[in-house]
Structures are given as structure tokens and as C-alpha cells.
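Enquirer: The following block contains the structure, expressed as C-alpha cells.
The values are calculated or read from the model by the stated rules, or taken from the named source; none is laboratory data. Because the structure is predicted, anything quoted here is derived from the model rather than measured. Counting neighbours? That spans all protein chains shown, and the Cβs are built from the backbone with ideal geometry, glycine included. SASA here: full protein model, heavy atoms, side chains in, ligands and nucleic acids out. Shrake-Rupley method; radii C 1.70, N 1.55, O 1.52, S 1.80 Å.
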Amino acid sequence: MLGIGAAGLAQALRAGTQAWLWTSRGRSLALARATGGFHAWNWRPSAGRGQRERRLSLSAAAVVNWAPRPLQPYLRLMRLDKPIGTWLLYLPCTWSIGLAAEPGCFPDWYMLSLFGTGAVLMRGAGCTINDMWDQDYDKKVTRTASRPIAAGNISTFQSFVFLGAQLTLALGVLLCLNRYSIALGASSLLLVITYPLMKRITYWPQLALGLTFNWGALLGWSAIKGSCEPSVCLPLYFSGIMWTLIYDTIYAHQDKKDDAVIGLKSTALRFQEDTKQWLSGFSVAMLGALSLVGVNSDQTAPYYIALAAVGAHLAHQIYTLDIHRPEDCWDKFTSNRTIGLILFLGIILGNLWKEKETGETKKLTDDRIGS
């Protein structure tokens, strides 16, 4: 009897609560309850008739979706909804800027922000050039058929005008650097224009991408120092190229079937089932070059600890890679941002450690003189 009475009371309370919730004052609370409650970044605004729901989020794709509709195709042309490419372009710049910092000092934050802006613009320009060259091929590949030019959302003329605007802004960033760096940065433009064509010519287009994407390894140092130091900048540039061969070969395995049908080339098609052996070789070369960078720049323990972490990440990435699953290839590809950030952190801490070593050495010297 008590159980039946309690159940009846609970049912009555629920009915009364629901009735109150649907009053004019409680309607918004009922809506929140029906949609799972209010969450800071998952809240969906109630849409009126004819309006589509949009999810509030801090993700790059959501930001693009929230942009005015006429701008969205241009933002997607720049790949702002997929920022991993910008990270992979930007991170070699951060390594170089970090290595060029004075012992015991943080990297130059102004240069980091300047190069970050440049990375967004130049990656956008590179994607625009790539899509202009490849629009006929993109229409034949499932993953790329929705790109703005291939889908007809932006005309070739509009994309050309947009490219000019991006390059003009990028030039403005470049002109903030010293004269040596301006000349060095401008010399990379030929690579930016031609690397999208390499997939038609050679099975090594990833090498051309590596030469292009890692130019910041040279430019970051020169922006700080006024010129390049070959003993540091060249092995750093080489290590970045090896890194690009790793992650972009993984990326290329997503499209290898379509590429084979339409006649495009890639290292994924070149290596096929031997991919893991090739990637392992590139990883050894990358780590060897970064070790040489550390020796030539007088790096300290934190740098080499970070280098060991990078090696472990690469080993796990390659060992667990399934080249026949595009989703796994994408996940492994995007995980390379972590590699770049680990190395950047190691450079920062290694440089700050130099101050500690210098201070301890000076103290020992003073003690010896005093005694």
C-alpha cells in the first residue's frame, strides 16, 4: 500500500511539474530538459521556422559554419575548417624561432604571432593554388568532390582574385621582417606554385611538399638572427622534410585507390605494403637530424627528452598504422601536431635550462676565484 501510494504521489508530482514547465515562465526550462540541459559549448539555440540549427562550438569547422554564408566557400577554400595543415606549416617556424632565442629566454612572441598569421595566409594560398590546379581531378575523388571550386561554389576567376588577396596580405607580413628574410621568404613562392603539380609528374610529390612546408625552418632563424646558420638551419630543414614524408605519405593512403584510377602519383602508391619500412627510415633520419641540431645549438637535457618522446610517438604511430583504413590514416596524420608541439616545448625548456647551467657554472667559477 505504501509503495502504491508513493508511486501515485510521484506520478502526480511529475505531472504537476510538467504542467508548470510548459507555462510561459517555464517553457525555456522544459526545452532545456528536452534537449539534455544547457552545456557551455553544446547548447543549440532554438531555431525559428526556416532557420537551421547550429551547434555552438569552439572547433574550427563550427566557426566556419557560423560565418556568413557568402564567406563560407572562401574559408573552406583556405581549409580554415581543417586547421591541421596550418599547424604542420607553422610548427617548423616555431622550432626555428625557439632555437634562435637567446640562452635562458623564451622565444620571441611577436615573431611567433607574425609567423602564425603568415602560416594561415600561406596555407590558404597554397590550398587555393592546389584546388585551382586540381579542380578536374577533385571532381573524380569522393573526399575532394565537395571542395568549393570542384563543387562550383567558387569560380576560377573568383579563386584567382582571392589568391591575390591572400598573397598580398602575406606579403605585408613578410615585409615586417629583415631584408635577408624578405628575400628568403619570397624565394619560396616558386615552390608554393609548383608543388601541387608534382603529383602528375613523380611518385614523390610528398618530397616537394616537404621542401615547401618546411621553409619556415630557415625563415624563423633568419627573422631573429638576420641570416641563416647552416649548421643548425639545414639539419632542421632536412628533419622537417623527413617529417613531411612521414605524415603526408600516411595522408596519401586515404586517396590511393582514387589516385590510381585517375592517374595521380604519390609515395603511398610508390611504397604500398612497404610503407612502414619507409616511414621507419624517414623517422630515423628525422631524429638523427634533430640530434645534430641539438648538438650544434648547444641544447640541454629537456630538448633530448622531448626528442625521445618524439621518437616514441613516431614508433607508436607507425606500428599501429593501418594503411587500408582511411579513418586510421586521418587520425595518425592529425596526431603529428602533437609531435611538433612536443619538440617545440623541448626547445623552449632546453633553452631555459641553458640559463640554469650558465648560472651554476658562473657560481662555481666565482667560488674557485674566491678560494
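Enquirer: For the stretch 304-341, enumerate the residues that are assigned to a loop (DSSP other than H, G, I, E, B) and loosely packed, with under 14 Cβ neighbours inside 10 Å. Even if it seems obvious, please write down each step before you answer.
Expert: So the first thing to find is which residues in the stretch 304-341 are assigned to a loop (DSSP other than H, G, I, E, B), and the list is 321-325, 335.
Hits for the stretch 304-341 are 322, 324, 325.
Enquirer: Another question, if that's okay. Only one of 219, 209 is in contact with an Asp or Glu (Cβ under 6 Å, 6 or more places away or on another chain) and either open to solvent by 30 Å² or more (accessible area, probe 1.4 Å) or of a type outside the set (Gly, Ala, Ser) (or both). Can you tell me which?
Expert: The match here is 209.
Conditions tested, residue by residue: (1) touching a Cys at 6+ places or on another chain (Cβ under 8 Å); (2) farther than 23 Å from residue 352 by Cα; (3) open to solvent by less than 10 Å² (accessible area, probe 1.4 Å).
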| residue | (1), (2), (3) |
| --- | --- |
| 250 | yes, yes, yes |
| 263 | no, yes, no |
| 281 | no, yes, no |
| 291 | no, no, no |
| 295 | no, no, no |
| 302 | no, no, no |
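Enquirer: Would you say residue 74 is among the hydroxyl-bearing types (Ser, Thr, Tyr), open to solvent by 30 Å² or more (accessible area, probe 1.4 Å), over 30 Å from residue 236 (Cα atoms) and part of a helix (DSSP H, G or I)?
Expert: When the stated conditions are applied, residue 74 passes them.
Enquirer: Examine the stretch 87-99 for a residue that is open to solvent by 20 Å² or more (accessible area, probe 1.4 Å), in a helix (DSSP H, G or I), without any contact (Cβ under 8 Å) to a residue 60 or more places away in the chain and of a type outside the set (Gly, Ala, Ser), and state whether such a residue exists.
Expert: First pass over the stretch 87-99, keeping only residues open to solvent by 20 Å² or more (accessible area, probe 1.4 Å): 87, 89-90.
Those left that are additionally in a helix (DSSP H, G or I): 87, 89-90.
The next check asks that each one be without any contact (Cβ under 8 Å) to a residue 60 or more places away in the chain; those that pass are none.
So far as the stretch 87-99 goes, no, none of its residues is open to solvent by 20 Å² or more (accessible area, probe 1.4 Å), in a helix (DSSP H, G or I), without any contact (Cβ under 8 Å) to a residue 60 or more places away in the chain and of a type outside the set (Gly, Ala, Ser).
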